[in-house]
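K.L.:
The following block contains the structure, expressed as structure tokens.
The values are calculated or read from the model by the stated rules, or taken from the named source; none is laboratory data. Everything numeric in this text was worked out from a predicted model, so none of it was measured. Note that each Cβ is placed from the backbone with ideal geometry, even for glycine, and that neighbours are counted across all protein chains shown. Accessible surface areas use protein heavy atoms only, side chains included; no ligands, DNA or RNA. Shrake-Rupley method; radii C 1.70, N 1.55, O 1.52, S 1.80 Å.
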Amino acid sequence: MASTTAEEQPFTLAVPDADLELLRTKLASVRFPDELEGAAWDYGAPLADIQRLVTHWKNSFDWRKAEAAINTLPMFTHDIEVDGFGTLNIHYVHQKSAVKNAVPLLFVHGWPGHFLEVRKLLPLLTAGPADQPSFHVVALSLPGFGFSEAPKKPGFKGRHYAEVFNKLMLSLGYEEYVYQGGDWGCALGAHAVTHYAHTHIKAWHTNTPFYRRPKFLSNPLLFLGLLTLPFNEPALAGLQRSQEFMKKGMGYYMEQATQPQTLGYSLADSPVGLLAWIYEKLVSWSDDYPWTDDEVIEWISIYWFSRAGPAAAGRIYYEITNRNTNDLFEGTKRTTVPFGVAYFPGEIAQTPKSWSKMLGKVVFESTHDKGGHFSAFEQPEKLASDLHKMFGKGGPAHGVVPGRNGYD
Amino acid sequence: MSTSPEQPFRIFVPDAELELLRLKLASTCFPDELEEAGWEYGAPLANVRRLVARWRDWFDWRKAEEAINADLLQFTKDVEVERFGVLNVHYVHRRSVRENAVPLLFVHGWPGNFLEVRKVLPLLTASERDQPCFHVVALSLPGFGFSEAPGRKGFAHKQYAELANRLMVSLGYEAYVVQGGDWGHYIAGSLATYYAHTNVKAWLSNYPTALPPQVSTTPWKWLKNLLKPYTREERERLEAMREFQTKGTGYFHEQATKPQTLGYSLADSPVGLLAWIYEKLVSWTDGYPWQDDEVLEWVSIYWFSRAGPAASIRVYHQMTSGFEGPPAAGVRWMSIPLGFAAFPEEHNRVPRRWLRTLGKVVFESEHSRGGHFAAHECPNELVGDVRRMFGKGGPAFGVVPGKDGYAS
């Protein structure tokens with residue numbers, strides 16, 4: 001506890017008027033590109049969608065109203081010292097349950113996600129039905145995202161993120177806790193359990209399970225399983241979808257992993273540029289989620305008004321992959337704490353289900369018929385129900401946190 | 001009618017566009033940057049800040065515009081392309097005083113532009129006693145500079161070739177040679193593919209890149225490629241290529257898969273466009289001492305382009321069928337003379353034997369300095385190569401009947 005002696009500070013979001021004014025100026029002078037006939041989504045976010053969203057942002061979207069609603073969430077900041085990086089001021093939501101023995105749960109978002117992805121889950125996890133386990137939920141803004149400070153130096157790796165997570169939870173009195181994350185939340189979860197499994201992290205869950213191809217020497221059975229892959233239709237279809245994604249959907253990844261600064265000038269200067277960059281993923285990575293314009297603009301606004309600016313978030317790709325020379329899991333090892341996975345049909349990278357075993361000791365699995373990459377936002381009931389089943393009475397991870405089994 | 005008469009053209013950017021640029025530059029939002037990032041994360045903040053300040057307060061576009069119009073006599077012409085209707089094409093056209101100069105088409109790439117011909121033009125058209133001279137046409141590719149962009153999908157190898165060939169023929173050049181780098185290399189190769197012998201008599205590329213010999217098309221070359229070891233220099237180049245593919249192709253991935261998404265940023269944000277292009281101008285050249293005004297003029301051609309900056313990047317998508325295959329796949333081996341001007345800092349440099357899959361290689365040079373933008377960085381060296389290939393005693397001397405480039 002020695003390195004986190006500062007008290008947690010309540011946090012109120014209050015974007016300065018000057019920032020709103022600058023945004024207004026920029027929105028008023030947007031210069032749009034043209035578009036090829038019949039382009040639809042083949043070339044990226046369609047012009048008609050983006051124009052409509054910009055008009056909405058200019059004329060209808062009420063940031064102050066959205067801000068006020070966000071401020072009803074219990075938000076805080078806390079100085080966390082990170083080895084080699086000094087102090088980072090970390091922003092987070094911390095919602096305690098009325099159930100004293102609720103299970104402490106850390107929720108970790110990804111890119112282009114943010115802390116508000118926890119919003120719909122909060123009531124379901126902290127104040128669900130009495131026969132279901134309850135959770136004390138902590139949902140941070142990753143360093144460089146939302147309202148957390150960004151690291152100032154190069155080299156912020158998986159173990160540093162893990163350090164932030166763990167110190168934050170410890171500072172809140174949660175010596176032992178469970179972890180839930182998707183997208184970077186999944187990859188960083190692998191890093192977190194590598195360092196803190198058993199000692200602090202007692203179980204973890206991901207709604208975006210993906211991993212690297214099995215190698216013969218490390219996972220011979222799974223490797224041999226590749227031979228039967230052509231005969232396993234659902235797995236094959238999933239893998240083909242992943243390969244299609246790897247071919248056609250990785251432009252953002254490649255640029256963010258290699259030249260995030262170059263890209264950052266656009267994202268920091270152009271609201272429409274930022275909007276298109278993120279909106280394209282919100283739609284193509286979700287499962288027909290009926291995004292409202294307000295939902296989209298609020299989402300983008302978290303990036304636009306973020307503490308470190310929109311250019312900082314993409315750096316995670318560069319740092320974790322070491323400028324695209326290794327994958328997201330470099331430096332992680334498989335641990336034996338209970339691990340749960342949720343498969344959603346709209347997920348972008350669908351590796352065969354058997355590969356989840358390489359990530360961790362799978363004790364819980366669910367397969368859904370609806371939902372995509374942002375399942376906490378798209379299908380909160382389904383995701384909450386998974387966590388209830390995994391950690392509830394009779395569940396495979398029930399009671400993993402001593403003295404905090406989710407029931408009073 | 002497949003072309004219209006030639007119309008003289010002078011660049012004149014409307015005042016309103018200059019005003020909008022001023023407004024945007026004045027409200028530029030900059031990102032932060034990691035400590036001591038250098039060029040590791042992309043274009044450095046200090047450089048970009050300096051360039052934006054100069055662009056905002058000092059750079060005189062009207063003066064640059066006037067100088068371009070004075071230096072380069074430009075024209076436009078309507079050119080019909082099958083299935084695409086009529087495209088208005090912008091080009092530079094300068095004839096040598098020597099009647100039987102060799103007609104030469106100069107083709108730029110991305111992020112290049114027609115101004116790349118500026119330094120080589122006087123050298124190529126000059127009637128020096130013992131050197132061949134050339135009539136030069138340098139077009140703005142459709143979607144670049146002041147040429148119209150195609151409005152429909154599918155404008156690729158065949159269409160670029162058709163448009164360029166129609167342009168040359170309409171100017172009275174039934175037979176001609178081609179010089180190009182970057183996309184100009186692939187378009188020159190496409191011109192050879194469709195119009196070799198009938199119109200295109202030879203081509204010289206300063207982008208020595210090609211696919212390895214394929215067993216299906218050139219089995220003998222494929223076998224030889226397998227059996228013969230590479231030289232140390234070739235192995236180093238292959239390693240450099242691998243490094244470039246890993247760390248330097250983010251832009252390619254995005255532009256080949258989601259050009260529309262990226263296009264919103266490039267169309268709306270001057271600093272975004274500047275950084276995107278400037279990063280390549282520096283990293284792809286060999287210590288070329290870019291002047292700030294040089295950079296700003298170059299980027300301005302994109303900012304003020306007729307079709308807007310977003311249109312130019314679609315070439316990546318169209319020429320790779322949305323990243324389905326390599327651009328070289330659209331180029332067929334033809335027996336007209338092919339030459340390569342090789343510069344040490346060019347990326348994607350392949351073993352020499354691979355170049356032979358693109359055509360009948362009769363000329364190869366190897367320079368000790370220079371990079372990707374050879375015509376701009378090393379005009380004398382590039383012109384030297386053109387003269388050696390097409391001059392008396394050269395391997396492509398007299399390829400254009402009746403126009404060998406010398407005084408009769």
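K.L.:
Which value, in debye to the nearest 20, describes the size of the charge dipole of the protein assembly as shown about its Cα centre when Lys and Arg Cβ atoms bear +1, Asp and Glu Cβ atoms bear -1, and nothing else is charged?
P.N.:
2340 debye
K.L.:
Cα centroids of the stretch B:241-261 and the stretch B:1-42: how far apart, whole angstrom?
P.N.:
What the calculation gives is 22 Å, centre to centre.
K.L.:
If exposed means no more than 10 neighbouring beta carbons inside 10 Å and the site is in a DSSP loop, what's the longest run of chain A without any exposed GluC sites (Glu not before Pro)?
P.N.:
With GluC sites (Glu not before Pro) excluded where exposed in loops, chain A gives A:38-408 as its longest stretch.
K.L.:
So which lysines pass the test for A:LYS26, namely a Cα distance under 25 Å, with those fewer than 8 places away in the same chain ruled out?
P.N.:
A:LYS58, A:LYS65, A:LYS281, B:LYS24, B:LYS258
K.L.:
A further question follows. Calculated FRET efficiency, A:ALA40 and B:LYS360, Cβ-Cβ r, R0 45 Å, to nearest 0.05? Let's see the in-between values first.
P.N.:
Details: r = 43 Å, r/R0 = 0.95.
The computed FRET efficiency comes out at 0.60.
K.L.:
A further question follows. Using alpha carbon centroids, what distance separates the stretch A:295-346 and the stretch A:243-264, in Å?
P.N.:
What the calculation gives is 13 Å, centre to centre.
K.L.:
Would you mind calculating the relative contact order of chain B from Cα pairs under 8 angstrom and at least 6 residues apart, reporting the percent as a whole number?
P.N.:
Relative CO of chain B lands at 21 percent.
K.L.:
Further question on the same structure: Highest GNM mean-square fluctuation, chain B, Cα pairs closer than 10 Å: which of B:TYR186, B:TYR160, B:TYR41?
P.N.:
In the Gaussian network model the winner is B:TYR41.
K.L.:
Right, another one. If you take the charge dipole of chain A about its Cα centre, with +1 on Lys and Arg Cβ and -1 on Asp and Glu Cβ, which of A:HIS136, A:ALA276, A:ASN326 is farthest toward its positive end?
P.N.:
A:ASN326
K.L.:
What does the charge count around A:PHE11 come to, taking other residues whose C-beta lies under 15 Å from its C-beta (Lys +1, Arg +1, Asp -1, Glu -1)?
P.N.:
-4
K.L.:
If you take every DSSP beta bridge fully contained in chain B, what fraction is antiparallel? Give it as a percent rounded to 5.
P.N.:
40 percent
K.L.:
Give me the percent of DSSP beta bridges within chain A that run antiparallel, rounded to the nearest 5.
P.N.:
Around 35 percent of the beta bridges assigned by DSSP in chain A are antiparallel ones.
K.L.:
Relative contact order for chain A: what is it in percent, counting Cα pairs under 8 Å that are at least 6 residues apart?
P.N.:
It comes to 21 percent, rounded to a whole number.
K.L.:
From the residues B:VAL52, B:LEU34, B:ASN88, which one has its Cα farthest along the dipole of the stretch B:32-89 in the positive direction, the dipole being from +1 and -1 charges on Cβ of Lys/Arg and Asp/Glu about the Cα centre?
P.N.:
About the Cα centre, the residue reaching furthest to the positive side is B:ASN88.
K.L.:
For chain A, what is the calculated [θ] at 222 nm in deg cm²/dmol (nearest 500), taking -39500 (n - 2.57) for each run of four or more DSSP H residues and dividing by its residue count?
P.N.:
-11500 deg cm²/dmol
K.L.:
What is the Cα centroid distance between the stretch B:123-155 and the stretch B:307-373, reported in whole angstrom?
P.N.:
Result: 17 Å between the Cα centres.
K.L.:
Any lysines with Cα under 23 Å of the A:LYS167 Cα? List them, leaving off those in the same chain fewer than 8 positions away.
P.N.:
Of all the lysines, those that pass the test against A:LYS167 - Cα under 23 Å, at least 8 places apart if same chain - are A:LYS96, A:LYS100, A:LYS152, A:LYS153, A:LYS157, A:LYS202, A:LYS333.
K.L.:
When only C-alpha pairs under 8 Å and at least 6 residues apart count, what is the relative contact order of the stretch B:171-279, in percent?
P.N.:
Relative CO of the stretch B:171-279 lands at 15 percent.
K.L.:
Counting each DSSP H run of 4 or more residues in chain B as -39500 (n - 2.57), what helix-only mean residue ellipticity at 222 nm follows after dividing by all residues, to the nearest 500 deg cm²/dmol?
P.N.:
-12000 deg cm²/dmol
K.L.:
Which value in nm describes the separation of the simple spin-label points at B:LEU23 and A:LEU217, placed 7 Å from the Cα toward the beta carbon?
P.N.:
For B:LEU23 paired with A:LEU217, the spin-label model returns 6.2 nm.
K.L.:
All other residues with a Cβ under 9 Å from the Cβ of A:PRO112 taken together, and with Lys, Arg as +1 and Asp, Glu as -1, what is their net charge? Don't skip to the end; give the middle numbers.
P.N.:
Working: positive: A:LYS281; negative: A:ASP183.
Counting the neighbours of A:PRO112, the net charge comes to 0.
K.L.:
Charges at C-beta only: +1 for Lys and Arg, -1 for Asp and Glu. How large is the resulting dipole of chain B about its Cα centre, in Debye rounded to 20?
P.N.:
1540 debye
K.L.:
Considering only protein heavy atoms, with the full assembly of protein chains and a 1.4 angstrom probe, order A:SER218, A:SER97 by accessible area, largest first.
P.N.:
In descending accessible area the options line up as A:SER218, A:SER97.
K.L.:
For B:LYS224, list the lysines whose Cα falls under 22 Å from its own Cα; do not include residues on the same chain fewer than 8 positions away.
P.N.:
List returned: B:LYS360.
K.L.:
Can I ask one more? Local charge sum around A:PHE156 (other residues, Cβ-Cβ under 15 Å, Lys/Arg +1, Asp/Glu -1)?
P.N.:
-4
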